[in-house]
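Participant: If you scroll down you'll find the structure; I have some questions about it.
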Amino acid sequence: MTSLLQEYAGTLERLERELHQLEQNCGLLQLDPIVGRPWHELLVEKLIPQTGRGAYLVVGIVGGTNIGKSVIFNHLAGERVSATTPLASGTRHPVCLVPQGFGESRELAEVFPKFDLKPWVEADAALQEDDRDLLFWRESGAIPSNLVLLDTPDVDSDARVNWDRAAKVRSAADVLLVVLTQQKYNDAAIREFFARAAREEKAIVLVFNQLHLPEDADYWTTWTKTFCESTGVSPEYVYLAPHDRAAAEQGELSFVEHSWPPEAEDGKQIAEGRACDLAESLSRLHFDEVRLRTLKGAIRQLADRRAGIPGYLAEIQERSGRLAAVEERLRSESVVRISDWPTIPANTLVSEIRRWWKEHQTGWVRGVSSFYDVVGTGVMWPVKQLRGERKGRTAIDSYREAEWSAVVRGVTEIVDRLTWMADTGGDLVGEPIRDLLARVDRGELLERLREGHLGCDLQADLQLLVEVEMQKFEKEAPITFAVIQKLHVAGAGLRPVMSVGLFLGFGGADIAAQALTSAVAQSTLHVMADLAGGTAASVAGEQVVAKGAGYGVGQLQAMMQRLQDRFAERRLAWFAELLRREFLGELADELASAATLAESKEFQNVSELTERLPKQFEEAIEAMTASDNVHGQ
């Protein structure tokens, strides 16, 4: 059985390691620490220390005020080691006896992690006033080798600190030896304390002390039944001790052992008890059975869906989900959107499309086009002057300034949105956002954004987009694309007319149409005027014009609109990425990590180990039962 418990201890120790690793990753979730949670106390104070160890039981002697707990303790110890006093609330700190050599193979601090351990030299050491939770201990050769004995503060003391210390002893003990008297078996504080012990499935042994026998022989069963019904306790045994002060002081009390429930039914003679040595009787308890029963209750609490580790994991999932929603907003346009991002001017797009066409021309067509590009540039100079395109300043430069103005406005809008999220999102959402805003100097942020913005090659970005979209246009509208391509070839010899048309297309198309009488020239002028404005008509013949002009114009309009939209999307995506890198990045990464905690290796390991614990424990019980059956045969 010991080997099975040792294997179980390995699973528990791994679970504790995974839990601490998971907790380290949960900082942003603002969860209460796992240390101090009842299920964690059971894990580190009960399950881990008391599995895989040698066969011993921690027996805590507990009860109310001034009922002789220390007397019982001294009887079990075989000597007067704990101070006894007729005054109430005498014992303020627990005292502990361990078998000789216990500390050579075990670490007592692991059994009692909530106490400050002190060597026990004087019998009345436990009576001293001290705000610390002290536990006085020493080895004894008088107690059985498989028992660790504890004398505890009163569970119904006027001093609240005594209740807390008694509760810590209850958590650490395998067996509670409950001392009751006629006066102290049904008090509210007594019932509350032992009801919790019953819920924790502690093994209970009752000692009814200070009985007046044989007078009380007819009443102790009624008192015990009342105690059991009010607390849910089901004791292993009941021991009766007489009210004999002299025998108590001399360590000569006699104890009578009874099974519970009584063998006889109500109204019939209760079977005679058996006089026994209390320490010897406790030492022959079925240790594995008692330990497994005690551990079973602790494991059930550990695996409880609401109050155990699954409840803790559910907290992580719930809070992680809330932060996931925030992280999604930070990475989406709902936070980094800008209300008025500028659109690339149509004439800038037309110029880039012309450049693309020129790069895809060959031979004499390209030579003619290059010559008249120079002419066109000269013709367009007055228009550029009117538009503010002075020497050294291009349309792209003007667009860049418009973008920067949008960036400055956008930063203000985004900070305002984040402030609103922090104010309305509660502590879980608000605290990390407020921390972010407190760390950011807006002036420094704008400087970094300005540097990134100036380093962006808008012309290259536009060229790349036109390259992609023109290739896409060729695939999606092959007929229109072919017509325009023929137009460029056929129109190469008419470039003087087209150049004039290009100039007038930005404001003088009607005058040009009146001045040119050639039908071909009129058609060419019409095309170039429309191209300058963002549309085009086919001039590859009357049939094509009649059948496809309107359709081609619509396709070219759609392509131009798509270019503008795509460029705006690319620029907004660039800004969002720059903003995340320079401003939101750290918070977004932290939120992303917290948002996926439920998918992390540590989370899955804790979940799997917790689910495995009850099954593994049942396997240990089945193995023990099978072994007992074999030995019984």
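Participant: Given H placed 1.01 Å from N in the peptide plane, which residues other than close sequence neighbours of residue 57 have an amide H under 5 Å from its amide H?
Facilitator: When sequence neighbours closer than 5 places are left aside, the close amide H contacts are 147, 148.
Participant: So, one more: Using a simple spin-label model with points 7 Å from Cα along the Cα→Cβ vector, what separation in nm is obtained for residue 475 and residue 138?
Facilitator: Label at residue 475, label at residue 138, 9.1 nm between them.
Participant: State, to one decimal in nm, how far the label point of residue 196 lies from the label point of residue 408, with both points 7 Å from Cα in the Cβ direction.
Facilitator: 6.5
Participant: For each of 204, 396, count neighbouring Cβ atoms within 10 Å of the residue's Cβ, then give the residues from fewest to most. Walk me through the intermediate numbers first.
Facilitator: Working: 204 22, 396 18.
The order, fewest Cβ neighbours first, is 396, 204.
Participant: So how do 405, 339 line up by other beta-carbon neighbours within 10 Å, fewest first?
Facilitator: Working: 405 12, 339 8.
Lowest count first: 339, 405.
Participant: As a footprinting exposure proxy, order 610, 343, 222 by other Cβ within 10 Å, with the fewest listed first.
Facilitator: Lowest count first: 222, 343, 610.
Participant: Could you list which residues have their amide H under 5 Å from that of residue 137, counting only those 5 or more apart in sequence or on another chain, with H placed in the peptide plane?
Facilitator: 96, 118, 120
Participant: Can I ask one more? Karplus couplings for region 255-262 from phi (6.51 cos²θ - 1.76 cosθ + 1.60, θ = phi - 60°), rounded to Hz, Gly and Pro as x?
Facilitator: Along region 255-262, the couplings run 10, 10, 8, 10, 7, 9, x, x Hz.
Participant: For region 244-252, just list the computed ³J(HN,Hα) in residue order, Karplus coefficients 6.51, -1.76 and 1.60, θ = phi - 60°, integers in Hz, with x standing in for Gly and Pro.
Facilitator: Values per residue, Gly and Pro as x: 9, 4, 4, 5, 5, 5, 8, x, 10 Hz.
Participant: Let me ask something additional. For the pair residue 339 and residue 17, how long in nm is the line joining their label points, each one 7 Å along Cα→Cβ?
Facilitator: Taking the two extended label points, one gets 5.6 nm.
Participant: What aspartates and glutamates does residue 168 reach when the alpha-carbon gap must be under 14 Å and sequence neighbours fewer than 8 apart in one chain are set aside?
Facilitator: Filter leaves 41, 45, 110, 116, 133, 151, 154, 200.
Participant: Residue-wise, which Karplus ³J(HN,Hα) couplings in Hz belong to region 17-31, taking 6.51 cos²θ - 1.76 cosθ + 1.60, θ = phi - 60°, and x for glycine or proline?
Facilitator: So the Karplus estimates, Gly and Pro as x, are 4, 5, 5, 5, 5, 4, 4, 4, 8, 9, x, 6, 7, 6, 7 Hz.
Participant: Students often get this wrong, so check it: of 114/225; 118/225; 46/69; 225/296, which have C-alpha atoms separated by over 30 Å?
Facilitator: Listed pairs above 30 Å: 114/225; 118/225.
Participant: Mind checking the full-extension length gain between residue 463 and residue 32? Use 0.36 nm per residue of separation minus the Cα-Cα distance, one decimal, nm.
Facilitator: Computed gain between residue 463 and residue 32 is 149.7 nm.
Bear in mind these aren't lab numbers, they're just calculated from the coordinates by the rules spelled out. Since we're looking at a predicted model, the values are computed, not measured. A quick note on method: Cβ atoms are made from the backbone with ideal geometry, for glycine too, and the neighbour counts reach across all protein chains shown.
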